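Participant: Once you've had a glance at the structure underneath, I'll fire off some questions.
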Amino acid sequence: MSELALREATLADADLLREWRNDPIVRQNSFTQDVIAPDTHRAWLERKLAANSGTKIWILTSDGEPAGQVRYDRDGDVAEVSVSIDGRFRGAGFGVAILTMSAPRACAEFGVREIRALVKLTNAPSLAAFTRAGFVRGADVDVHGDASASFAWRCAR
């Protein structure tokens, strides 16, 4: 069994995060499917990593090797989560692990009451990961023409 850990993302992760974001499977499952250019991604990451940005990005490592990322964007007393796993680590339960490791931390650091996620109905691995991680599935919704499931994680208070 590998040792899994979370670490905060830094600007040094810009190329890795962009590589993961531009992965064809990640783009297919994303609500924004454009390929992201290096300069555009770096400027976005700088804004997201700035103090008081309302965003937290963590990298999941497996035996010290980057295996995936999770991002939380706070909006009032709710945070929206987005996750992706490096192609070499897919199918090994890392989606569940990154969610169960990071959700309580995001709740505590943001002080939010709930974490929400939207997942395309065509993305069976993510649908299963959110369910197995303890997120409660809500109503199906349309997101930019994509049929999607909504999920919620209630933060302990």
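Participant: Please name whichever of Gln28, Trp44, Leu127 sits farthest to the positive end of the charge dipole of the range 3-157, dipole taken about the Cα centre and charges placed at Cβ: Lys and Arg +1, Asp and Glu -1.
Facilitator: Going by the Cα projections, it comes out as Leu127.
Participant: Quantify, in whole percent, the carbon and sulfur part of the accessible surface of the range 1-101 (1.4 Å probe; protein heavy atoms only).
Facilitator: Within the range 1-101, the accessible surface is 47 percent carbon and sulfur.
Participant: Within the range 111-157, what whole-number % of the accessible surface is contributed by carbon and sulfur, with the 1.4 Å probe and all protein chains included in the calculation?
Facilitator: Answer for the range 111-157: carbon and sulfur cover 56 percent of the accessible area.
Participant: Treating only the Cβ atoms of Lys and Arg (+1) and Asp and Glu (-1) as charged, compute the dipole magnitude of the range 5-157 about its Cα centre; round to the nearest 20 debye.
Facilitator: Once rounded to the nearest 20, the dipole reads 400 debye.
Participant: Label-point separation (nm) for Asp34 and Ser82, each offset 7 Å from Cα along Cα-to-Cβ?
Facilitator: So the label points at Asp34 and Ser82 sit 1.3 nm apart.
Participant: Within a Cβ distance under 13 Å of Val143, other residues only, what is the Lys/Arg minus Asp/Glu net charge?
Facilitator: Taking every Cβ under 13 Å from that of Val143, the sum is -2.
Participant: If you don't mind, another one. Specify the residue with the greatest mean-square fluctuation among Trp20, Trp58, Trp44, computed from a Gaussian network of the chain linking alpha-carbon atoms under 10 Å apart.
Facilitator: It is Trp44.
Participant: May I ask which residue of Gly68, Ser82, Leu118 lies farthest towards the positive end of the charge dipole of the range 26-120, with charges of +1 (Lys, Arg) and -1 (Asp, Glu) on Cβ and the Cα centre as origin?
Facilitator: Leu118
Participant: Select from the chain the helices, each a whole stretch of DSSP H, whose alpha-carbon atoms run 15 Å or more along the helix axis and whose Kyte-Doolittle mean is at least 0.0; answer none if there are none.
Facilitator: Membrane-span-like by this criterion, though nothing is claimed about a membrane: 94-110.
Participant: Next question, about the same structure. Under 10 Å, Cα contacts only: if you run a Gaussian network model on the chain, which one of Asn52, Asn22, Asn123 comes out with the highest mean-square fluctuation?
Facilitator: Per the Cα network of the chain with a 10 Å cutoff, Asn52 tops the list.
Participant: Say each of Ala128 and Arg27 gets a label point 7 Å from the Cα, pointing the same way as Cα to Cβ; how far apart are those two points in nm?
Facilitator: 2.6
Participant: At 1.4 Å probe size, what's the solvent-accessible area of Thr32? Round to the nearest 10 Å².
Facilitator: Only protein atoms counted, so the area is about 80 Å².
Participant: Picking from Ala117, Ala128, Ala79, which is most flexible by a Gaussian network model of the chain using Cα springs under 10 Å?
Facilitator: The residue with the greatest mean-square fluctuation here is Ala128.
Participant: Report the net charge of residues surrounding Gln33, where surrounding means a beta-carbon distance below 13 angstrom and charges are Lys +1, Arg +1, Asp -1, Glu -1.
Facilitator: 0
Participant: While we're on this one: Percent of Cα-Cα pairs per 5 Å bin, from 0 to the last occupied bin, for the chain, please list those.
Facilitator: Computed distribution, short to long bins: 2, 9, 18, 22, 23, 18, 7, 1, 0.
The values are calculated or read from the model by the stated rules, or taken from the named source; none is laboratory data. All values reported here derive from a predicted model rather than from experimental measurement. Backbone-built Cβ (ideal geometry, glycine too); neighbour counts: all protein chains shown. Note: accessible area is taken over every heavy atom of the protein model, side chains too, but ligands, DNA and RNA are not part of it. Shrake-Rupley method; radii C 1.70, N 1.55, O 1.52, S 1.80 Å.
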